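Read through the structure below, which is laid out as C-alpha cells, and then see the notes.
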Amino acid sequence: MGKTMYLINNQTAITKAAFPVIDAHNHLWGNWQVERVIKTMDEAGVVSYCDLTGNVRIEFSDGGYVINPGNITDFIENCSQKYPGRFYCFTMSNFARPVQKPLFDDDKRFVAECIETLNKHVEQGAKGLKILKELGLHYRDSSGSLINCDDERLFQIWEEAGRLKIPVLIHQADPAGFFEPVSPDNEHYESLIKYPSWSFSDPKYPRKTELLKRRDELVKQHPDTTFILPHFGNYAENIQYVSNLLTENPNVYIDFSARIDELGRQPYSTREFFIKHQDRIIFGTDMPANIESSGEMYRTYFRFLETYDESFYSPDYDGTFDRARWPICGIGLPPEVLKKIYYENILKIIPSLGNVNNLTLK
C-alpha cells in the first residue's frame, strides 16, 4: 500500500462503526449483482445504502465513464424489493444523457418532462434528485452553449424538488488539482494519469472558482429547496469557505464522501468544523462496496471519524489501497456527533427512511 512506513504508532482495530451507518452517497451504476454489496454492508455495520443514480447505467471505459439512461424499476426489483430496508435511491430524472448530445433542444419541454419524470419516480420511491458534475462542465444546449447549474431555464426543476420536499444532491467542481496542468508537481498527478477524463485543465472548461460561485448562487436562489453538496462541498482544500457556506445557507448540507484524504491531513481544523456543523453533515463514501478492499474502505472511514490514530492511509477515489497520496490522522469525534453523522442527519433530511430502518436502527 504505497510507501513502506517504519513509524511505530497506535493502530485502532475497528470492525464495525460505533453506531448504525447509512451510506448516503454511493452508486450501483446499473449493476444489480448486489449480494457482494450486502455482504460488505453486514460486515461493516452499514444498515442502508443509497444508490444516487437509480435510473442510470454507467459504463467505465477509456479512463472515465459513459452515462446512459436506465430504468428505475430495475433498481426497485433488484434492490429495494429484494432487500427491504437496505437500499434506497435517488433519480437523475432526465439528466441521465450522454454528454456527446445536447441536453435539450427545447428547454421548456425538457423541464416539463424532467418534472413529470421526477414526480413519477418519487411516487415509485425515489428519495431525491441527483445531478452529476456534467451539468456545468459538459452539457450543452442545441446551440452549443454550455448549460450552467444556475441557468434560469432550469429554475422550475429545483423549485419542484422543494415542493416535493426531496433533497437535490448536486456535484459541482472537483479537487483543485483536477483543474491544473497534469504534471508531476500536481498532487493528484497519479489519479489524473489513471483517469484522464477527470482532468479539466483545458481552458474550454470553467474554472473551479466559477463553478462553485454558480453553485453557491443556485442554493441562495432556492432557499426552500434542500441541497446536499457532496465531497465536502467540493472544496475540502478550504474548510473556512465551506463553513461560511453552511452558515449563510440553512438549506445546505454536505457529505464528505471521497474526501477523507483531504480532511485527514488537516485534522485539527476538520474536527473543529465537524463539531461546529454537526447537524449539517451526512455520511457517504462514493466508493465501491463490492470489491475486495471494500470492507477496509469502510473501516478506514470509521477509524478517521472515531479515533485519534495518526499517520494512516485512506483509500483512493476508486476504493482501492494501491496508491497513497499522503498519510492522514483521525479526528476522534464524540459519540453524540458520530450518531448525527452516521444516520440521524440523513433521517432528518429524508424522514421516510426511518420507516424502513426502524428494525436495524434500534
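Backbone geometry of segment 54-59 corresponds, through the Karplus equation with coefficients 6.51, -1.76 and 1.60 at θ = phi - 60°, to 3J(HN,Hα) couplings of x, 10, 10, 10, 10, 10 Hz, x marking Gly and Pro. Dividing the mean sequence gap of close Cα pairs (under 8 Å, 6+ apart) by how many residues segment 21-357 holds gives a relative contact order of 16 percent. Gain on full extension, evaluated as 0.36 nm per residue between S311 and D224 minus their Cα-Cα distance, stands at 27.1 nm. Under 5 Å from the amide H of F104 lie the amide H atoms of S142, each residue being 5 or more positions distant or on a separate chain, with H modelled from the backbone and absent for Pro and chain starts. Using Cβ point charges alone (K and R +1, D and E -1), the dipole size of the chain about the Cα centre works out to roughly 560 debye. By the beta-carbon count within 10 Å of each Cβ, the least crowded to most crowded order of R299, R163, fewest first, is R163, R299.
State the label only: which of [x] 30.5; [y] 22.2; [z] 20.8 corresponds to Kirkwood radius over Cα pairs in Å computed from the shown model? Given [x] 30.5; [y] 22.2; [z] 20.8, the structure-derived one carries the label [z].
When each of R259, R325 is scored by the number of other beta-carbon atoms lying within 10 Å, the sequence from fewest to most is R325, R259. Note on F60/T15: beta-carbon distance plugged into 1/(1 + (r/R0)^6) with R0 of 22 Å gives a FRET efficiency of 0.10. Cα centroid separation, segment 33-54 to segment 148-226: 27 Å. Shown for E306, E248, E237: other C-beta atoms within 10 Å of each C-beta, ranked fewest to most, produce the order E248, E237, E306. Extension gain, E272-S201: 0.36 nm per intervening residue step, less the Cα-Cα distance, totals 22.3 nm. Backbone phi angles across segment 331-341, fed through the Karplus curve with coefficients 6.51, -1.76 and 1.60 (θ = phi - 60°), yield HN-Hα couplings of 10, x, 6, x, x, 5, 7, 4, 4, 5, 6 Hz in residue order; Gly and Pro are listed as x.
Placing a pseudo-label 7 Å from each Cα along the Cα-to-Cβ vector at K339 and N68 gives an inter-label distance of 4.6 nm. Amide H contacts of I131 (H built 1.01 Å from N, in plane; Pro and chain starts excluded): L169, I170, H171 sit under 5 Å, all sequence-distant by 5 or more or on other chains. Since only S145, H171, L118 are under comparison, the one whose Cα sits farthest along the positive direction of the charge dipole of segment 66-213, derived from C-beta charges on Lys, Arg, Asp and Glu, is L118.
All of the numbers you see were taken from the coordinates with simple rules; none came from a lab. Quick caveat: nothing in here was measured; it's all calculated off a predicted structure. As a convention, Cβ positions derive from the backbone with ideal geometry for all residues, glycine included, and neighbour counts pool all protein chains shown.
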